[in-house]
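Report on the following structure.
The values are calculated or read from the model by the stated rules, or taken from the named source; none is laboratory data. Since the structure is predicted, the reported quantities are computational estimates derived from the model, not experimental observations. All Cβ positions, glycine included, derive from the backbone under ideal geometry; neighbour counts span all protein chains shown. Only protein heavy atoms, including side chains, enter the accessible area calculation; ligands, DNA and RNA are left aside. Shrake-Rupley method; radii C 1.70, N 1.55, O 1.52, S 1.80 Å.
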Amino acid sequence: MRDGLKEIREAQQRREGDLKTLHDRFGTLSGGLEALRGRANELALQVESVGSATEELREGLNRTQSELGQVKNELTDFRSQYERDQAVLAAQFELDRITEDWQRRFGNREKVRSLARGLVKQLTPQLVKSGALRSDNLRLFVEEHLVHDPDFWLAHATLAVAARLDGDDDIRLTAMGQAQGLDLGKANLFFSLAAARAGEHERAGNWMDGYLQHAVDPDRLGRDFLVVLDAVASRELGDLAHSYARQVMVRWGTEAAAGGTAARASVRRWTPQLRKLLASPGDRFESLGQAYDGDWPTLLEHWRLATVTTGTLAHLRKEFPPPNHTASSRARVRYAETAIDRLIGHLEPDEAALHTKKEALRRFIEHRGDEKAAQEEHELRQEADAEVMDFTTLLDNAVFKPSQIALGDDARRLALMQMLPNLCTAAEEMVVASLSHRPQNIRIAIDDWHALLPTDPAASVDGKSLADALETELLERTEAEAAAVDRNLPRRVGAAPVACPPSSGPPSSSAASSWHSRCWWAPSPGCGDCWT
C-alpha cells in the first residue's frame, strides 16, 4: 500500500508538472493572441485610415472633375461668345460700310425729304408771303438737289411745290409731269395731301381721284393705303375726295360681283359672317322642343336663320355707335399728317434693298450675335411692314374684326356703307331660306294628346282652349284607366274575393262609381261604400 501511495503521489506530481507546463504554454499562447489582437487592431485602424484617404481622394477627384467640367463649359461659352463678338464686330464693320454706301448713293434723298416736309407745312407759305423766306432762293436750293438725283420722283414733286410758291407755272407743270412720269401713284398722292395741307380741298380731291383710279390695286392694299383711307374718310381732304373714294370703292365691288380676279364683295361672301351673329335660343324653347313631334334641331336651325336681321343690327349698333361730333377739329388732322409723312419717308426699291440689309445687321448687333433671335425679330418687322390685304379682307376686318385692322371710325363707316347693300341682300336671302323651310303648322304631342300650332307670328293661338283640351284629354284617359283597373282588380289579385267589413248592404250606384278614386289600391277597414 505504501508503494501504491508512492506511485500515486509520483504520478500526481508528474501530472502537476504537466499541468504547469500546459499552463506556461497557455500563458505563452495568450500573450501571442493578445499580440495578434493588437496587430489586428492596428491593421484595422490602418485599413480605416486608407478608406478615409480613399474617400477623400474620391471626393477630391469629383471636385476636380466638376471644376474641370465648369472650366470646360466656361471655355466653351467663352469661345462661343468670342465667336459671337467677332461676328458682331464683323457685322458692325459691314453696317458701317453699308451706311457709307447708303450716304454716298442716297444721302441727297434725305435732304430732299427734309425739304419736302418743310414745304408742305402750312407755315412755309406764310413765311413766303411775309417775305421772311425768298421763294426764288428756295427753288434754287431744291433744283440743286435735283441735279444730284434726277430719277427721284419726290425731288420733282418738291420742285413743283416750290415753283407754285414762286408763282412759276411753267416750272410747276413741268415738274409735276416729271414726278408723275417717274411714279404716278406717289406723285398724285403727294400733290393731293400737299393741297389738303394748304386748304385747297378741291385740288386735293382731284389729285386723290387720280391716285385711287390708277395707283391703287384693290387686291394689294397696304398700311399706307389704310392711313390715306382714314384721312379721306375723316374728310381731312375735303368732301370731293370723300365722294371719289366712295365711287372707287363701289366700282371695286361692282367689278368683283361681275367676276373679277377676287370675289371681293359678293353677297355670298358675307353669309358666313352673318351666321356667326345668329341668335342662340338658350333654354327659351326647351318645353316646346320636348313637346314637338318632329326634327327639333332642324326646325330650330331654320328659326335661327330668321334672327339674322336682329343679330346683325345688334352687332352694327355696338360697333358703329353714333359719331361724336364734339371732338375737337385739331385732333382730326392726324391722319393726313401721318399719310404724307409716311409717303415722304417711303423708301424707293433701290433704297429698300440696302435698308433691309442695314436693319438685319442692326438686329444682329442688338442681340449680340444671337442669329436666331435676330432673324425672328427681323422677320416679324418685315411681316408687319409688308402686310397687305385685298378689298374683301379690308371690308371684313373693318366691319366684323376691328381689332385686326388699324382703321379709324370714319373709315370703318365708309367701308360699312360700301358693303351694307350686300349685307342686307345676304340677310334677306337667309330670311327667305328660313321661311321656305318653315311649315305652316307644327305638331306637338304630350303623351298621346296631339295638336297643331301655326308658325305664322300673325296667327293667333288660343292658349286657354288648348289647355282645356289637354286637361279634358288627361281626365278622360285617367278615368278610363281607373275604370279598367276597377273591372280587372279581382282577376289581378288571383280572383279571390276581397270584402270590406260588413256594412248595411251593397253600395249605391253613386258610391260604386266612386270606389276607384277612394280606395282602389286596398279597401279601407270599416268602409261600407265599397265591396267586391
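Would a scan of the range 416-428 turn up a residue that is under 24 Å from the mean Cα position of the chain (by Cα), open to solvent by 80 Å² or more (accessible area, probe 1.4 Å) and either at pLDDT 85 or above or within 30 Å of GLN81 (Cα to Cα) (or both)? I'd like the intermediate steps shown before the answer.
Taking the range 416-428 and keeping what is under 24 Å from the mean Cα position of the chain (by Cα), we get 416.
Now drop any that are not open to solvent by 80 Å² or more (accessible area, probe 1.4 Å), which leaves none.
There is no residue in the range 416-428 that is under 24 Å from the mean Cα position of the chain (by Cα), open to solvent by 80 Å² or more (accessible area, probe 1.4 Å) and either at pLDDT 85 or above or within 30 Å of GLN81 (Cα to Cα) (or both).
Looking at LEU193, LEU226 in this structure, which one is out of contact with any helix residue (DSSP H, G or I) (no Cβ under 6 Å at 6 or more places or on another chain), under 20 Å from THR338 (Cα atoms), in contact (Cβ under 8 Å) with a residue 24 or more places away in the chain and assigned to a helix (DSSP H, G or I)?
Selected residue: LEU226, the only one of LEU193, LEU226 that is out of contact with any helix residue (DSSP H, G or I) (no Cβ under 6 Å at 6 or more places or on another chain), under 20 Å from THR338 (Cα atoms), in contact (Cβ under 8 Å) with a residue 24 or more places away in the chain and assigned to a helix (DSSP H, G or I).
With respect to the numbered conditions (1) over 35 Å from the mean Cα position of the chain (by Cα); (2) in a helix (DSSP H, G or I), which one is the sole condition not fulfilled by LEU212?
Among (1) over 35 Å from the mean Cα position of the chain (by Cα); (2) in a helix (DSSP H, G or I), the lone unmet condition for LEU212 is (1).
Which condition breaks for ALA384 when tested against (1) assigned to a helix (DSSP H, G or I); (2) at pLDDT 80 or above?
For ALA384, the exception is condition (2).
Here is a yes/no grid of residues against (1) at pLDDT 80 or above; (2) over 26 Å from THR174 (Cα atoms); (3) open to solvent by 40 Å² or more (accessible area, probe 1.4 Å):
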residue	(1), (2), (3)
ASN73	yes, yes, yes
ARG79	yes, yes, yes
VAL88	yes, yes, no
ARG104	yes, yes, yes
VAL120	yes, no, no
LEU127	no, no, yes
VAL147	no, no, yes
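Which of the residues that make up the range 394-415 are surrounded by fewer than 20 Cβ atoms within 10 Å (Cβ to Cβ), free of Cβ contacts under 8 Å to residues at least 60 places away in the same chain and not in a loop (DSSP other than H, G, I, E, B)?
Result: ASN397, SER403, GLN404.
Looking only at the range 149-177, filter to residues that are of a type in the set (Val, Ile, Thr) and more than 14 Å from TRP207 (Cβ to Cβ); which one of those is surrounded by the most Cβ atoms within 10 Å (Cβ to Cβ)?
Initial filter on the range 149-177 (of a type in the set (Val, Ile, Thr)): 158, 161, 171, 174.
Applying the additional criterion that residues be more than 14 Å from TRP207 (Cβ to Cβ) yields 158, 171, 174.
Numbers: THR158: 31, ILE171: 17, THR174: 15.
Applying the filter and picking the extreme gives THR158.
Restrict the check to the range 172-186 and report whether at least one residue is among the β-branched types (Val, Ile, Thr) and either under 22 Å from LEU414 (Cβ atoms) or not in a helix (DSSP H, G or I) (or both). Please lay out each step first, then the result.
First pass over the range 172-186, keeping only residues among the β-branched types (Val, Ile, Thr): 174.
Now restrict to residues that are either under 22 Å from LEU414 (Cβ atoms) or not in a helix (DSSP H, G or I) (or both): none.
For the range 172-186, residues among the β-branched types (Val, Ile, Thr) and either under 22 Å from LEU414 (Cβ atoms) or not in a helix (DSSP H, G or I) (or both): absent.
From LEU453, LEU470, LEU475, LEU466, which residue is loosely packed, with under 13 Cβ neighbours inside 10 Å, out of contact with any Leu (no Cβ under 6 Å at 6 or more places or on another chain) and not aromatic (Phe, Trp, Tyr)?
On the way: LEU453 fails: loosely packed, with under 13 Cβ neighbours inside 10 Å; LEU470 fails: loosely packed, with under 13 Cβ neighbours inside 10 Å; LEU466 fails: loosely packed, with under 13 Cβ neighbours inside 10 Å.
Checking each option against the conditions leaves just LEU475.
So for the range 79-101 (the condition being assigned to a helix (DSSP H, G or I), of a type in the set (Phe, Trp, Tyr) and under 30 Å from GLU351 (Cα atoms)), does at least one residue qualify?
Scanning the range 79-101 turns up at least one residue that is assigned to a helix (DSSP H, G or I), of a type in the set (Phe, Trp, Tyr) and under 30 Å from GLU351 (Cα atoms).
Looking only at residues that are hydrophobic (A, V, I, L, M, F, W, C) and under 17 Å from LEU89 (Cβ atoms) in the range 351-379, which one is modelled with the lowest pLDDT?
Applying the first criterion (hydrophobic (A, V, I, L, M, F, W, C)) to the range 351-379 yields 352-354, 360-361, 364-365, 373-374.
With the extra rule that they be under 17 Å from LEU89 (Cβ atoms), the set shrinks to 360-361, 364-365, 374.
Numbers: ALA360: 83, LEU361: 83, PHE364: 83, ILE365: 83, ALA374: 71.
Among those residues, the one meeting the criterion is ALA374.
Looking at ASP239, ASP224, can you tell me which residue is at pLDDT below 90 and acidic (Asp, Glu)?
ASP224
Looking only at the range 1-49, which residues are open to solvent by 90 Å² or more (accessible area, probe 1.4 Å) and either among the β-branched types (Val, Ile, Thr) or in contact with a Ser or Thr (Cβ under 6 Å, 6 or more places away or on another chain) (or both)?
Residues satisfying the conditions are ILE8, THR28, VAL47.
Only residues that are within 15 Å of GLN273 (Cα to Cα), of a type in the set (S, T, N, Q) and modelled with pLDDT under 90: list them for the range 387-403, please. First the steps, then the outcome.
Narrowing the range 387-403 to residues within 15 Å of GLN273 (Cα to Cα): 392-402.
Cutting the leftovers down to of a type in the set (S, T, N, Q) gives us 392-393, 397.
Within the range 387-403, THR392, THR393 meet the criteria.
Out of everything in the range 299-328 that is at pLDDT below 90 and among the polar types (S, T, N, Q), what residue ends up being most open to solvent (accessible area, probe 1.4 Å)?
Among those residues, the one meeting the criterion is THR326.
Given (1) open to solvent by 10 Å² or more (accessible area, probe 1.4 Å); (2) within 32 Å of the chain's Cα centre (by Cα), identify the lone condition not met by VAL248.
Only one criterion in (1) open to solvent by 10 Å² or more (accessible area, probe 1.4 Å); (2) within 32 Å of the chain's Cα centre (by Cα) is unmet by VAL248, namely (1).
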